[in-house]
Amino acid sequence: AMEDVSAKFVSQKISRTRWRPLPAATLQPPDIFATGSWDNEDNRISIWSAGDLGNAGLNGEYHGEPHLLCDIQHNGDVMDMQFLDQERIVVASSTGTVTIFRHHQNNQTLSANHRWEKAHCHVDADTSCGGAACTGVVCNNPEIVTVGEDGRINLFRADQKDAVRTIDNADSSTLHAVTFLRTTEILTVNSIGQLKTWDFRQQRNEPSQIFSLAGDRVPLHCVDRHPNQQHIVATGGQDGMLSIWDIRQGTMPVSLLNAHEAEMWEVHFHPSDPDHLFTCSEDGSLWHWDTSANVSEKPSFLHQGGRSTAYLSHSTINQSVVSAWLSNDPTKDRMEITNLIPNQTLSVNSLDVLGPCLVYGTDAEAIYVNRQLFA
Amino acid sequence: MDEPDTEPPLVVVPGADSSSRQLCFAWGPAEVLVCETLFGRTGGSRSRCLSRSRCLSRSRCLSRSPCPFRFWGEGRAGAAARALTDSVAGTEDGAPTSSRVFVVRRDQDIYIQTLRKLFNESHGIFMGLQRSEEELAGKSRKAQLVQVSKNYRSVIRACMEDMHQAAVSTRDPALQAQYSTQVSILSAMELIWNLCEILFVEAATAGPLLLRLLDWVRLHVCDVDSMVREVLSSESPSKHKLFWNVVDIFVLQGRMDEARHLLSKEASANPTSVNMYKILDDLMKKMPVPSLSNTQTLTELELKWQHWHEECQRYLQDGTFASNPHMESICKILLGDEDAILEKKELMTTWYHFLVTRLLYSHPTVKPMELRFYAQSSMDLFLGGESSPEPLDLILMAAFEFEMHQVIKECSIVLSNWWFVAHLTDLLDHCKLLQSHNLHFGSNMREFLLLEYASGLFSHHSLWQLGVDYFDHCPEYGRVYLELHIERIPLSTEQKALKVLRICEQRQMHEQVRSICKIMAMKALRNNRLGSALSWSIRAKDAAFATLISDRFLKDYCERGCFSDLDLIDNLGPSMLLSDRLTFLGKYREFHRLYGEKRFPEAARLLLTLMTAHIAPCSFWMTLLTDALPLLEQKEVIFSAEQTYELMRCLEDLTAGNPDKQKFQDDDIETTKVEMLRLALARNLARVIIKEGTVEGS
């Protein structure tokens, strides 16, 4: 379905692409997304419309290419980006600053709404503070958590000037990414192959659990949590390996899946259809991991003896998914894996999925929108 | 292309005052650093600093006067330089005595925002071409190459459209002028490329050649399009004052159906001359044209064409069209009458349109090798000595003459970027058209141009990533260029460093891998990020640096009495084996953990091994022995007699083996420590002898 993909060359290297969240109970597919650039002399945050809905042909195909609605200059590389709500985007900068930008939809402009200067910084011998790259940000409105090269974890609230909580030297190596596990708990991954959980209810500045890759401590670059089954976590590593972890048990990943030939930059479960997972990499590929075929073939709740049938009756699908992702069988055989970008050469730095739509951005300075992911 | 045959263009460096100051400069791979010296203009005229050791490009500096600069390369694409004046060296900013450093870059087009689309999109096509299968047999290989050529052209056109949009939408007249210039440059590039595609890549043969040239003219001569639109959209086109012009344009471009359609409107409005129209219409309809399929031979075509030509001749001679000068002139054009065609000079606008029209009506079966004669005479006739040919004319002429190298050379001189010549030459090389040609320097022309282009990309803040793949496809010097350029990429974040590192690792550039990791490890160390520093040196397998970092950890421990970065040290895994010191660090930490967990016998055994197996550096033995003290003082006897003897030997080795004995005697604390240890060891020995004796006895 390559025809369904529309591309636009945007004259800036794209480090992040994010769909704007949809308002509750909408039936429309997503249309607006944001991008951030890196390694330009002048980096920008841009808001795009994926294509004119009015241009939809009879068969529902779209021909319009993404068009720019508005943009704003951003100081430093955009390292990570997350929508806080419909209007606000939180952006992590290589300068260590974290900024909330507001998208004014009535007149299509962007403005900086709030800024935490040097939220991440190195404290050197002279105790002067040099900015350290903020590598990851995650939001759960109004809470914002950021991590950085300085190994620090910050907890902000969108409406408060100062950090609610700061864990200095939380990690002795670089923290590459962060995501929420539950409302008060977060997951981080670092450059020595560790996955850690942190509980903000605990006052001590220690992780509540440390999980680690066996053997060589390959750095982990991205992390995502299963939207329904919170104990299932996916991470991507420097060697392109996809690891699935069950944080209820053990300290090592449940399965390691060979995927990319270079750094995996992002991993995302599909938010509403978590049988599907998407990963992108420095090697220029974007993989779609599909376990849905497996579900109908092998209703795996049959193997989960001891569970109550009442429980199964209202979450049959999720139970099947659990075993699909956590299966100790050679999982590859039970999964359909597709590379969505043949012949790409430069890195795919970011992707985002929402509803039937996928958006991704590359170092070849192009953004791509696929509006019929499951067609 | 070896000796420069024209004066190099001057490049004025904005802001550099060469009238009052001596300037000095240094060459880099893709840029020149220029700075003002303290010397006055009259002062030491030998202050030219010519550091050329790192000059990668073939450019030679022949500047006699310090400024303005002359760039003199084999091809002088991009000779106009962009000067960046924002880097200021010196302490007194803005003061008249401050000296400034200017960065002068050669490839100015690299910096045009809209062109980045061209660079990125064509990169994909370039990579596809390098991957494409050479094994494909004759015809399908040619079709593949023509498709690649068309893809390149469509990127140029897309870029042109963007640039045009930008020109239309901007309000800044200077910007508008800049965009318009770019549009015309892009349009010229596409014109040349298209002609090269027809003549070299597709190598159209007699017959199809003319059809291709007609398409080429129709695509590129668009100055008259607005006139056509105006007439066609008017209420009654045949009454429009430009009606006949439009008919002529259609005829000159061989667009017979459109011309006949227009004429039919005139005919219906003019019943008196309906017969005349019919005849002309019939002639136009019957005109034989070459076909792309092989159904008719050239001889057949020539025969038919001869017949048709004679018929036209007959009608002209018997005065059929005498009453209507418009129609008479069209008939003359059909007959290939040069004067009649030349009369429509304004409607053709260019000599190459004239050439193609002439071929259409006089030599429809022209062979590729005959083109040069018609081209030359068409240009001479069209320009008529009134104006001299422009660079574009000369390039097209060289193409018609099948002088590929001349085309590339002229383009290198005229165009302000390396993109065009690099990609075109690469394509022609894949068509196996350039193989005989070797340069007196470097490897061959393809590689030389690709190296220049990629070097330009590397001088750009963001586009350097594209350059890597181009270097990869330069078999002779690509590697060396990449090695030199990649070291100059600023590593602003770890993420960027990882990307650069990946490039180096994939190409087994061990030296660069080590250097990048070392830089990053040093940075981390300076920021007190020992964990990060260690993971960088582990990645580079840099044992010496790992030792250095381990020492920092141990030093921190000695000073503070506790370990920092436990999360790292406890999880070293196999990387612990990278350096002896790292192994010691890991093991020593393990000792502390065992001790903390009150697993004293294991802790004691490990502690002793650290010394006896010489894992611990001698400088650390005193600390280790001191660590033994609390174990010796435990209620339970932990060290066996044998172990106690070994501990004693360690202590004696340390105090005796130390040449600087004074140190211990002078230092009260050290002396006390040694005394305490001796006492503790003696007491332990006493206890263990009793204990072991008791155990054996009972």
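How far, in nm, would the chain grow between residue B:626 and residue B:278 when pulled straight, counting 0.36 nm per residue and subtracting the alpha carbon separation? Numbers along the way, then the final one.
Working: separation 348, 0.36 × 348 = 125.28 nm, distance 11.77 nm.
Roughly 113.5 nm would be gained on extension.
Out of residues 5 or more away from residue A:211 or on other chains, whose amide H comes under 5 Å of its own, with H placed 1.01 Å from N in the peptide plane?
A:195, A:196, A:197
Would you mind getting me the FRET efficiency between residue B:130 and residue B:12? Use the beta-carbon distance for r and R0 = 56 Å, nearest 0.05.
The formula returns an efficiency of 0.90 here.
Residues in segment B:163-205, backbone N under 20 Å from the label point at residue B:293 (7 Å along the Cα-to-beta-carbon vector): list them, ranges by number please.
B:205
Cα gyration tensor of segment B:222-349, axes a ≥ b ≥ c as square roots of the eigenvalues: rounded (a/c below 1.5), prolate (a/b > b/c) or oblate?
Because a/c hits 1.5 or more and a/b exceeds b/c, segment B:222-349 counts as prolate.
Give B:117/B:344; A:161/B:541; A:8/B:523; B:345/B:367; B:278/B:367; B:541/B:598 a once-over and call out the pairs whose C-alpha atoms are over 32 Å from each other.
Pairs exceeding the cut-off: B:117/B:344; A:161/B:541; A:8/B:523; B:278/B:367; B:541/B:598.
Using only protein heavy atoms and a 1.4 angstrom probe, determine the accessible area buried between A and B, summed over both sides, in Å² to the nearest 100.
When A and B are taken together, about 3600 Å² of accessible area is lost.
With +1 on each Lys and Arg Cβ and -1 on each Asp and Glu Cβ, how big is the dipole of segment B:450-489 about its Cα centre, in debye rounded to the nearest 20?
Using Cβ point charges on Lys, Arg, Asp and Glu, segment B:450-489 gives about 100 debye.
If each DSSP helix of 4+ residues adds -39,500 (n - 2.57) and the sum is divided by the residues in chain B, what number results at 222 nm, nearest 500 deg cm²/dmol? Numbers along the way, then the final one.
Values: 31 runs with 419 residues, N = 698.
Result for chain B: -19000 deg cm²/dmol, rounded to the nearest 500.
I'd like the per residue volume of the convex hull spanned by the Cα atoms of segment B:341-418, given in cubic angstrom.
Dividing the Cα hull volume of segment B:341-418 by its residue count gives 99 Å³.
Specify the longest stretch of chain B that does not include any exposed loop site, a site being one of the GluC sites (Glu not before Pro) with a non-H, G, I, E, B DSSP assignment and at most 10 other Cβ atoms within 10 Å.
Working: sites that count: B:92, B:133, B:134, B:135, B:235, B:386, B:597, B:636.
Between exposed loop sites, the widest span is B:387-596.
What are the extents of the Cα atoms of segment A:159-241 along their three principal axes, in Å, largest first?
Result for segment A:159-241: principal-axis Cα extents of 39, 31, 21 Å.
Pop out the ³J(HN,Hα) list for segment B:362-374 in order, Karplus 6.51 cos²θ - 1.76 cosθ + 1.60 with θ = phi - 60°, rounded to Hz; leave Gly and Pro as x.
10, 9, x, 9, 4, 8, x, 6, 8, 4, 4, 5, 5
Given segment B:450-489 reduced to its alpha-carbon atoms as identical point scatterers, what log10 I(q)/I(0) does the Debye formula return at q = 0.17, 0.27, 0.35 Å⁻¹?
Computed log10 I(q)/I(0) values: -0.32, -0.82, -1.32.
Looking at B:276, B:481, B:543, which one has the Cα that reaches farthest to the positive end of the dipole of chain B (charges on Cβ: Lys, Arg +1; Asp, Glu -1)?
Value computed over the given set: B:543.
How far is the Cα center of segment A:186-227 from the Cα center of segment B:282-339, in Å?
Here the two parts' Cα centres lie 83 Å apart.
How big is the dipole moment of segment B:222-349 about its Cα centre under a simple scheme where the beta carbon of each Lys and Arg is +1, that of each Asp and Glu is -1, and everything else is neutral? Debye, nearest 20, please.
Working: 14 positive and 21 negative charges, 70 e Å.
It comes to approximately 340 debye.
Kindly identify segment B:492-597 as rounded, prolate or oblate by the Cα gyration tensor criterion: order the square roots of the eigenvalues as a ≥ b ≥ c, call it rounded if a/c is under 1.5, otherwise compare a/b with b/c, prolate if a/b is larger, else oblate.
prolate
Give the Rg/Rh ratio for segment B:274-341, taking Rg as the radius of gyration of the Cα atoms and Rh as the Kirkwood radius, to two decimals.
Here Rg/Rh amounts to 1.03.
How far is the Cα center of segment A:134-178 from the Cα center of segment B:385-406, in Å?
Centre-to-centre distance over Cα atoms comes out at 64 Å.
Where does the Debye-calculated log10 I(q)/I(0) of chain B sit at q = 0.08, 0.09, 0.10 Å⁻¹, using only Cα point scatterers of equal weight, no solvent?
Result of the Debye calculation: -0.82, -0.93, -1.04.
Return the long-range amide H neighbours of residue B:13 (sequence gap of 5 or more, or a different chain), with a cut-off of under 5 Å between placed amide H atoms.
Those qualifying (amide H under 5 Å, at least 5 residues apart or on another chain) are B:69.
So what are the ³J(HN,Hα) numbers for segment B:675-685, from phi and the Karplus equation (6.51, -1.76, 1.60; θ = phi - 60°), rounded to whole Hz, Gly and Pro as x?
Going residue by residue, I get 4, 4, 5, 4, 4, 4, 5, 4, 4, 4, 4 Hz, with x marking Gly and Pro.
Where does each of B:517-524, A:78-85 land if you order them by average Cβ count within 10 Å, highest first?
On the way: B:517-524: 19.9, A:78-85: 23.2.
The densest-packed peptide leads the list: A:78-85, B:517-524.
With θ set to phi - 60°, apply the Karplus curve 6.51 cos²θ - 1.76 cosθ + 1.60 along segment B:494-511 and write out the HN-Hα couplings as whole Hz, x wherever there is a Gly or Pro.
Once rounded to whole Hz, the list reads 4, 4, 5, 4, 5, 5, 5, 4, 4, 4, 5, 5, 4, 10, 6, 8, 4, 4.
Can you tell me how segment A:98-188 classifies by the Cα gyration tensor, rounded, prolate or oblate, using a/c under 1.5 as the rounded cut?
Cα axes put segment A:98-188 in the oblate bin.
Would you mind getting the Kirkwood hydrodynamic radius of segment B:414-504 from its Cα pairs, rounded to one decimal in Å?
13.9 Å
The values are calculated or read from the model by the stated rules, or taken from the named source; none is laboratory data. The structure presented is a predicted model; accordingly, all values stated were derived computationally and were not measured. Glycine also receives a Cβ, built like all others from the backbone with ideal geometry; neighbour counts cover every protein chain displayed. Surface accessibility is based on the protein's heavy atoms, side chains included, excluding ligands, DNA and RNA. Shrake-Rupley method; radii C 1.70, N 1.55, O 1.52, S 1.80 Å.
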